Amino acid sequence: MTHPTRFNLPARLLHWSMAVLILAMLFIGVAMVGSLADYGTLVALHRPLGLAILLLAILRLANRWRRPPPPLPVDLPPWQRRAAQASHVALYGLMLAMPLVGWAMLSAARIPVAVIGPLVLPPILPQDPMLYAQLRELHTVLAYGLFGIILTHLGAALLHGLIRQDGVFSSMAPWRSRRSAGNF
């Protein structure tokens, strides 16, 4: 059985669309903290984007289970292999946890989670101001963790693309490199 050299098209589309959404969410979150004047508008963007990220993360996991990623290069040191696996577990965990914690936080505050128009999600926790405060702090800590993992992921992508030039970056790139075009 031959292994693919690139992620399949759904994986690449989900990866890059989620990258844009997650970066937008992080910037919106920072702006929410720093701007009282635009807070309502930013929250109105933040909630449905968070739900979209949750849905897309579930789709990504389903696609990854159905179509496993290409193998890492055989010459990759074992510690880097373990780091790659751990960082992907952390990324997927945070992509799922962040929106769920946000939803739980709003549920504890009894703030409706509007999806589109009149469609509102049911609360997943009982109203509890103390729980809301704890979940809000957790949401912030997870956001910092997500930002750190994203920077690590970006650094690893650049290492593979610019220094090692081992095909790992091109396996997820939205374009076909000359190197990967010959592999099909």
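Determine whether the range 66-75 contains at least one residue that is closer than 21 Å to Gly167 by Cα and acidic (Asp, Glu). Steps first, please.
At the first step, the residues of the range 66-75 found to be closer than 21 Å to Gly167 by Cα are 67-75.
Of the ones still in play, those that are also acidic (Asp, Glu) are 75.
Yes, some residue in the range 66-75 is closer than 21 Å to Gly167 by Cα and acidic (Asp, Glu).
Mind checking whether some residue in the range 95-117 is at positive phi and part of a loop (DSSP other than H, G, I, E, B)? Before you say what the answer is, go through the steps one by one.
Going through the range 95-117, the residues at positive phi turn out to be 110, 117.
With part of a loop (DSSP other than H, G, I, E, B) added as a condition, the list becomes 110, 117.
Yes, the conditions are met somewhere in the range 95-117.
Exactly one of these conditions fails for Ile111: (1) modelled with pLDDT of 95 or more; (2) over 29 Å from Leu13 (Cβ atoms). Give me its number.
(1)
Test of understanding: among Leu72, Leu56, Leu91, Leu76, which residue is assigned to a helix (DSSP H, G or I), touching a residue at least 60 places away in the same chain (Cβ under 8 Å), open to solvent by less than 60 Å² (accessible area, probe 1.4 Å) and of a type in the set (A, V, I, L, M, F, W, C)?
Values: Leu72 fails: assigned to a helix (DSSP H, G or I); Leu56 fails: touching a residue at least 60 places away in the same chain (Cβ under 8 Å); Leu76 fails: assigned to a helix (DSSP H, G or I).
Only one candidate qualifies: Leu91.
Does Leu61 meet the test of being surrounded by 14 or more Cβ atoms within 10 Å (Cβ to Cβ), modelled with pLDDT under 95 and closer than 25 Å to Arg47 by Cβ?
Values: surrounded by 14 or more Cβ atoms within 10 Å (Cβ to Cβ): yes; modelled with pLDDT under 95: no; closer than 25 Å to Arg47 by Cβ: yes.
Here the answer is no, as Leu61 does not meet what is asked.
Would you call Val89 more than 10 Å from the chain's Cα centre (by Cα) and modelled with pLDDT under 95? Working first, answer last.
Working: more than 10 Å from the chain's Cα centre (by Cα): yes; modelled with pLDDT under 95: no.
Answer is no for this residue.
Given the criterion surrounded by 14 or more Cβ atoms within 10 Å (Cβ to Cβ) and among the basic types (Lys, Arg), identify the matching residue among Arg82, Arg136, Arg110.
Values: Arg82 fails: surrounded by 14 or more Cβ atoms within 10 Å (Cβ to Cβ); Arg110 fails: surrounded by 14 or more Cβ atoms within 10 Å (Cβ to Cβ).
Being surrounded by 14 or more Cβ atoms within 10 Å (Cβ to Cβ) and among the basic types (Lys, Arg) holds for just one of Arg82, Arg136, Arg110, which is Arg136.
Determine whether Leu125 is assigned to a helix (DSSP H, G or I), hydrophobic (A, V, I, L, M, F, W, C) and either out of contact with any helix residue (DSSP H, G or I) (no Cβ under 8 Å at 6 or more places or on another chain) or closer than 28 Å to Ile28 by Cβ (or both).
Answer is no for this residue.
State all residues of the range 141-179 that are polar (S, T, N, Q) and open to solvent by less than 70 Å² (accessible area, probe 1.4 Å); if no residue qualifies, say none. First the steps, then the outcome.
First, pick out the residues of the range 141-179 that are polar (S, T, N, Q): 152, 165, 170-171, 177.
Matches in the range 141-179: Ser170, Ser171, Ser177.
The values are calculated or read from the model by the stated rules, or taken from the named source; none is laboratory data. Every value quoted in this text rests on a predicted model; they were computed, and no experiment measured them. Cβ: placed from backbone, ideal geometry, glycine included. Neighbour counts: every protein chain shown. Side chains are part of the model used for accessible areas, which takes the heavy atoms of the whole protein and leaves out ligands, DNA and RNA. Shrake-Rupley method; radii C 1.70, N 1.55, O 1.52, S 1.80 Å.
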